[in-house]
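Visitor: Take this structure first; my questions come after.
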Amino acid sequence: MKSHLKISAELMADMIKRRDDMRLILGDNYEAHAREARSVLRGLSSDAGISLVNVALKVSKAMLDNGHDPSIVIAALVDELEGQ
């Protein structure tokens with residue numbers, strides 16, 4: 001059985017990989033897309049009084065439920081968490 005710490009570390013590594021993949025896919029456009037997503041996450045977090053992680057989870061789920069890929073949201077969350 002995996003420990004919670006190991007599962008958390010694996011999840012974070014997967015999120016970093018997704019962010020790095022988005023950087024490759026979007027190239028020079030990554031910063032503009034990520035900056036906008038980071039701004040949305042910070043705004044929603046502040047307005048709702050909940051953590052960036054919880055906001056990113058809610059936004060990602062809503063995007064998936066509506067047929068959209070939430071990769072940029074995950075990438076933006078990684079960027080935000082690295083900045084803290």
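A short reminder: the numbers here are calculations on the coordinates, not readings from a lab. Just so you know, these numbers come straight off a predicted model, no measurement behind them. Note: ideal-geometry Cβ built from the backbone for every residue, glycine included; neighbour counts use all protein chains shown.
Visitor: When a footprinting reagent is the concern and you count Cβ atoms within 10 Å, what order do 79, 14 take, fewest first?
Guide: 14, 79
Visitor: Hydropathy first: keep DSSP H helices in the chain averaging at least -1.0 on Kyte-Doolittle, then drop any whose Cα extent along the axis falls short of 24 Å, and list what survives.
Guide: 4-26, 30-48
Visitor: Could you work out the relative contact order of the chain? I mean the mean sequence separation of Cα pairs under 8 Å and 6+ apart, divided by the number of residues, in percent.
Guide: Relative contact order comes out at 39 percent.
Visitor: Taking just the alpha carbons, could you work out the radius of gyration and Dmax for region 19-67, both in angstroms?
Guide: 12.0, 33
Visitor: If each DSSP helix of 4+ residues adds -39,500 (n - 2.57) and the sum is divided by the residues in the chain, what number results at 222 nm, nearest 500 deg cm²/dmol?
Guide: -27500 deg cm²/dmol
Visitor: Which Cα, out of 16, 26, 55, lies furthest along the positive dipole direction of region 4-83 (beta carbon charges, K/R +1, D/E -1)?
Guide: Of the listed residues, the answer is 55.
Visitor: Moving to a separate point now. I need the semi-axes of the equivalent ellipsoid of the chain: take the C-alpha gyration tensor, multiply each eigenvalue by 5, square-root it, list largest first in whole angstrom.
Guide: 20, 17, 13
Visitor: Using the crude model of +1 on Lys and Arg Cβ and -1 on Asp and Glu Cβ, and no other charge, please compute the dipole size for the chain relative to its Cα centre, in debye to 20.
Guide: 280
Visitor: I would also like to ask the following. Which order do the peptides 52-65, 18-31 take when ranked by the mean count of other beta-carbon atoms within 10 Å per residue, highest first?
Guide: Order by mean packing, descending: 52-65, 18-31.
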